[in-house]
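S.K.: Got a structure for you, written out below as structure tokens; questions coming shortly.
Read the figures in this text as sums done on the coordinates, not as results from a lab. None of the values given here were measured: they were computed from a predicted structure. Cβ: placed from backbone, ideal geometry, glycine included. Neighbour counts: every protein chain shown.
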Amino acid sequence: MPARNSTGDLSEPEVIPRSPVAKMKLFFRLHWRRGAPGQPTPPWVMRYCYRTWLVALAFKLVGSSWDMSWHFKWLRDDLAPPHLINSVGTVMVCVLVAIHSFTGMGVDRRALRLMQVGTTIFLIAAPLDVINHSLNGLDITSWSPTHGLLYLGTAIMTLGAIDGWLKGTEPGRLRTLVSTGLWIFFLENMFFPNGQQEYGILSLRAWDRGAPTGEQTLLQFAADDIGRPIDREAILHFALPIDDWVYPVWGIGVMALVLAAARHTIGKMWAATAVATGYVLYRAVIWPLLMWSDFPTSTVPFYLIGVGLAVDLAFRVARGHRTFGAGVGALLVTAFGFGALWLQGQLRPWLLGDAVTESAPPIGYWTVPVVLAGVAVLWALATPVAGWWEARTRKRRAADLLPGAVT
């Protein structure tokens, strides 16, 4: 059901402009009025709004990717270009959430609350992270508590966008494409902490070759942090402070659950593989860009495609059987994930000569049974939770609390 325009009726404007700026002006002219969540939303407003969400999250993605590389080269700088790029995306998200909150368009109450809570957590975490760096120094590890709050806030706000888009649009190609894009951003945010090990292993190997990627001030800071001269032990502590078991548990076990959620909500046969492949392709594209710009590079998690494929095959084989699906999913994810990760670790990017000598971080393969059991249990528990979530959604639809948008 389309929203009322400035004349008070429910008709759509005869011409929808192509320019984003013109669309923004049209939106404010026709629809800028206070409303409760669940306001009827015209199709073009839904499309324009959530495409803007994709752009905002893209700014955050590029900024965070460059930021990880930046911190393996130079000492931290609050106004470094990667932080500024990420801040553009954050400002866009804040504006979008403010518009959703004021107009009530494009969201129901649950989606809006997720957006608001996630954005609030992120905005609280950002200054806390600055204070943490000021008090404790470099804090290069991506696994610090304040960084965790940043990831948590981004994850919740992105879930709000996914929830709002999926409930406010009818099935179709555009719905699938946008939801796939949103899940790629969600996957990247969840996977991001593992970048510590992916950049760290190549930084350590660069030191071993006598060509460290970090500037002298960064190396000295890292050495002073543990009271040592600039030597291999200092570089190891700086680059790889995380235990070897963390990388596979997070990269295979947790990412499998994320991809299973993506496959379930998108509802297409190869959705998990598409989400994983989209993220890996992005990482593969920025790799040469960083190298050519003389920034540190990372290993690329190609094995995630195997994890996505395993999730899709599990959905296809299980066909809705709860316990059987969890067991099959855990077996396939463990076999495909660790198999692909082991294979990636055996391959050397020989085309690059001495530029890179590792294709995967150090792996604790003893975690295979841990991932197998963990994925099986959490997958089984997630199934009834997903059923409850969908039941609540249907109840909300029946109560007419959702946007009346169609694509």
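S.K.: Taking Cα pairs under 8 Å and at least six residues apart, what relative contact order does the chain come out at, in percent?
M.R.: Worked out over the chain, it gives 19 percent.
S.K.: At 15 Å minimum axial length over the Cα atoms and a Kyte-Doolittle cut of -1.0, report the qualifying DSSP H helices in the chain, or say none.
M.R.: Helix filter hits for the chain: 20-31, 43-71, 81-103, 109-136, 145-168, 173-191, 195-208, 255-266, 271-292, 303-318, 322-346, 368-398.
S.K.: Here is a follow-up. In nanometres, what is the gap between the two model label sites at Val368 and Val385, each 7 Å from Cα along Cα-to-Cβ?
M.R.: 2.8 nm
S.K.: Here's another thing I want to ask about it. Divide, for the chain, the radius of gyration over alpha carbons by 2.2 N^0.38 Å, where N is the residue count.
M.R.: 1.05
S.K.: Which Cα, out of Leu182, Val254, Phe72, lies furthest along the positive dipole direction of the chain (beta carbon charges, K/R +1, D/E -1)?
M.R.: Positive-end residue among those listed: Leu182.
S.K.: Right, here's the next one. Which FRET efficiency value, to the nearest 0.05, do you get for Ala36 and Cys94 by plugging their Cβ-Cβ distance into 1/(1 + (r/R0)^6) with R0 = 35 Å?
M.R.: So the FRET efficiency works out to roughly 0.95.
S.K.: Another question, if that's okay. Can you tell me the dipole magnitude for the chain around its Cα centre, using point charges on the Cβ only (Lys, Arg +1; Asp, Glu -1), in Debye to the nearest 20?
M.R.: 2140 debye
S.K.: Among the lysines, which fall within straight-line cross-link reach of Lys268, defined as a Cα-Cα distance under 23 Å, with same-chain neighbours fewer than 8 residues apart omitted?
M.R.: Filter leaves Lys167.
S.K.: Given 0.36 nm per residue, what is the gain on full extension from Trp342 to Ser101 after removing their alpha carbon distance, in nm?
M.R.: Using 0.36 nm per residue and subtracting the Cα-Cα distance, I get 82.0 nm.
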